[in-house]
Every structure is written in C-alpha cells, then in structure tokens.
Amino acid sequence: DIPSLAETFKDDFAIGAALEPSQTSGLSADLMKKQVNMLVAENAMKPASIQPVEGQFNWDQADQIVAFAKENGMSVRFHTLVWHSQVPDWFFQDADGKPMADETDAKKREASKKLLLDRLDAHIRAIVGRYKDDIKYWDVVNEVIEPADPDSMRNSNWYKITGTDYIATAFRAAREAGGPGIKLYINDYGTDDPKKRDRLYALVKEMLDKGVPIDGVGHQTHINIYNPSVLNVIESMKKFKELGLDNQITELDMSVYNWNDRTDFGAVVPDDILQKQAQRYKELFEALKSNAGLVSAVVFWGIADDHTWLSTFPVTRTEAPLLFDKQMHAKPAFWAIVDPSKL
Ligand code: G3I
C-alpha cells in the first residue's frame, strides 16, 4: 500500500487528474480514488462534446464524470466553456449557413457578431445552470493568447468575429448563471514564457478594469524534463497572485523528450531519464509547497502512463509523463514528491 498524493498535500493544495468517462471504472478509477481529490474531464465537457448541434446537449458523459466525483467526495474542474479547438462549426455559421468570419459587409458582420455572442451566452448559461452546484472551478476560456498572431491574441473564429468581446461575454455569462460560489479561470499553456505571460497579464488586467469577473489563472504546465525552468513557472504565478488572482496548475505532465526531439525510447524509458524526471517533479513540488497559497490546485493531465495525449503527440511513441507507469505502479517521480527517502 502506498501513500496518497491528496493526503500528502491536503494542507497545501488540491491534487487532481484528467479522465475520460471510460476511466470512471477499472484500474484508473481505483488509482484516482486513492490518489486525487479533484477531477477534470479530458474531453467530455468541451463544446463539441456537450453541444454538437445547436440546442442539442449531450449530458451523459459529463454527468458520468460528475457522478463519479460526487461518489468519491472529489471536487471538479470544468474544461472548457470556450476554446478554438473541439468547437462545432455551427457556432460560426450565419443565418444562411455561411462562415461568419468571411463576411465583408459591415452590417452583416455586426449581425453575425451578435448572433455568435448570443449563442455563446446560451451555451454557457445552459451548462453553468446545470452544474453550478456540482462544479466549483471553471475554465471559462482556454488558450486565447498566441504571441505569433496579431496583437498576440489567438486569431480564432472567436477573435476574428468578436475581437476580445467573447472573453468578456463568457465570464459575465458564467458569473450570472453560477453566482459568486463558482470560480472562473482563464486557462493557457506556456504561461511561464515571459512574452506570453505578459500578454496574458495585460489582457487579464484590462478585463478586470472593465469589471469582467475573472477569479484565477489556469496554467496548463505541459512541461518536459528539460524545459522550462521551475523558476519561470513560479514567477509567472506570483505575478498573477499579486493581481489578487488564484492560480491553479491545470494540466500538469512532464514529457521525457525535449520539444523538438522526435526520437522514441521504444519499449523501455531509460532509468536515468526517469530519475531526471523525478528530480524535476520534486523541484516543482518543493517550490509550490514553499510558496504557500500560490496555487489552490495541481491537476495532472491523466493519472498513469497508460493513457496520455503525449503518446500520439507530436508523434506516436513511448511516453511516460505522469507519476504512475502503465501498470499503475508508482514511478520514481511519485516517490520524489511524496517521500524522497524511498527513492
Ligand atoms: O472520440 C473520437 C473517436 O470517436 C474517433 O474515432 C477518434 C479518431 O480520431 O477521435 C476521437 O476523438 C479524439 C479525442 O481526443 C478523444 O479521444 C480526437 O481525435 C483527439 O484529437 C482528441 O485529443 C484531445 C485533444 O485535447 C484535442 O485537442 C486529447 O485527448 C486531450 O488530451 C487534449 O487536451 C488538451 C486540452 O484540452 C487543452 N490543453 C492541451 C491539451 C493537450 O493537447
């Protein structure tokens, strides 16, 4: 019998994991029950899953995850009300079925913008209305910053059609539908990168100044065993804390490869690599623990190495980014965090 992550960090922050509905039973479920006290849907609560056709809501998968969390006394993060990916095309089609973003006539553009914001508002009110008592933490918008795009705002359909108005509309609708009891986050990856961090900071500040109800920043934290530095990860969160916001690490995993590396370790990840990973995880958790109140939750993007998006991205290969191996056994990274004397 091994210790529990959730128990180990109970005075510091919540510990979470992402899961698919299929993982609410079986070995993954058993491991999550023991190890975490927060859950997030890996895909089941994205716009394409919840409202694939306008007005037709698929609640089954999301309900399954919420029920599993309730049965086991776990809190839930909602991921995600708004995203540029995994969002159905119908959102962005005008009354004639044409892509809104292609419209050149000013009047029609204005009408499209209104239609899109109305659809967004309805999407959010339906979902938040259903889950506001069961889900406390919400990714309201995901990945809206892109330093390579104009004004460093991701040039998505949302942005092309509404500018940044979709962001304000989304937070306001969520607050109105959910009340003050739910916590609203702007979520992104690469928030340790000073350029991206500063753009995100400026956007959040601008929104807060306008009275847009943002409670916190979600830092995905898809890192690898080489980059980025733990210091940069921590520094970024400190900046947002100084603004009065909560921070959550929302999608933590640590690839065993460097960003541009396309090699494959094959069946067995070398031990020195797993040890390096353990040291990095240890460094990160020590930094989080010693900065009391910096984060309210640390959520892993999965629970064990048998199921991780990284095993097919950017290429299909052996990956081992989490704390448990494919057989659900604790890896060196788990012991490094929980009890380094067992390393
Ligand atoms: O469900 C369908 C299945 O019916 C179909 O046969 C199959 C064929 O491709 O696709 C299945 O959908 C896949 C879906 O995951 C569910 O497994 C999609 O192809 C696949 O693209 C999708 O990937 C997800 C990805 O987001 C989409 O961008 C990953 O599982 C999920 O881990 C990943 O999560 C994102 C976060 O939402 C945001 N931050 C980055 C993170 C990692 O990319």
TODO: Considering only the range 202-302, give the strands (runs of 3 or more DSSP E) lying wholly within it that have at least 3 residues that are among the hydrophobic types (A, V, I, L, M, F, W, C), within 16 Å of the ligand (Cβ to nearest atom) and out of contact with any Leu (no Cβ under 7 Å at 6 or more places or on another chain).
DONE: 246-255
Open item on the list: Anything in the range 81-122 that is in contact with a helix residue (DSSP H, G or I) (Cβ under 8 Å, 6 or more places away or on another chain) and of a type in the set (S, T, Y)? List them, or say none.
Closed with: S112
- [ ] Mind listing whichever residues of the range 165-197 are assigned to a loop (DSSP other than H, G, I, E, B), crowded, with 17+ Cβ neighbours inside 10 Å and not acidic (D, E)?
- [x] I182, Y189, G190, T191
Task: Checklist (1) touching a residue at least 12 places away in the same chain (Cβ under 8 Å); (2) more than 20 Å from E20 (Cβ to Cβ) applied to Q64, failing item - done: (2)
Open item on the list: I'd like to check which helices (runs of 4 or more DSSP H) are fully inside the range 1-73 and have at least 2 residues that are in contact with a Ser or Thr (Cβ under 7 Å, 6 or more places away or on another chain) and within 16 Å of the ligand (Cβ to nearest atom).
Closed with: 60-71
Task: Any hit, the range 310-319, residues being assigned to a helix (DSSP H, G or I), touching a Lys or Arg at 6+ places or on another chain (Cβ under 9 Å), over 20 Å from T191 (Cα atoms) and without any contact (Cβ under 8 Å) to a residue 60 or more places away in the chain - done: yes
TODO: For R197, state whether it is within 16 Å of H79 (Cα to Cα) and more than 16 Å from the ligand (Cβ to nearest atom).
DONE: no
Task: Those residues of the range 204-232 which are in contact with a strand residue (DSSP E or B) (Cβ under 7 Å, 6 or more places away or on another chain) and under 20 Å from W83 (Cα atoms), in sequence order - done: V204, P213, I214, D215, G216, V217, G218, H219, Q220, T221, H222
Task: Whichever residue in the range 140-164 is within 16 Å of the ligand (Cβ to nearest atom) and part of a helix (DSSP H, G or I) and, among such residues, is surrounded by the most Cβ atoms within 10 Å (Cβ to Cβ) - done: W158
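Every number here is computed from the coordinates shown, using simple stated rules; none is lab data. What you see is a predicted model, and the numbers here were worked out from it, not measured in a lab. Glycine also receives a Cβ, built like all others from the backbone with ideal geometry; neighbour counts cover every protein chain displayed.
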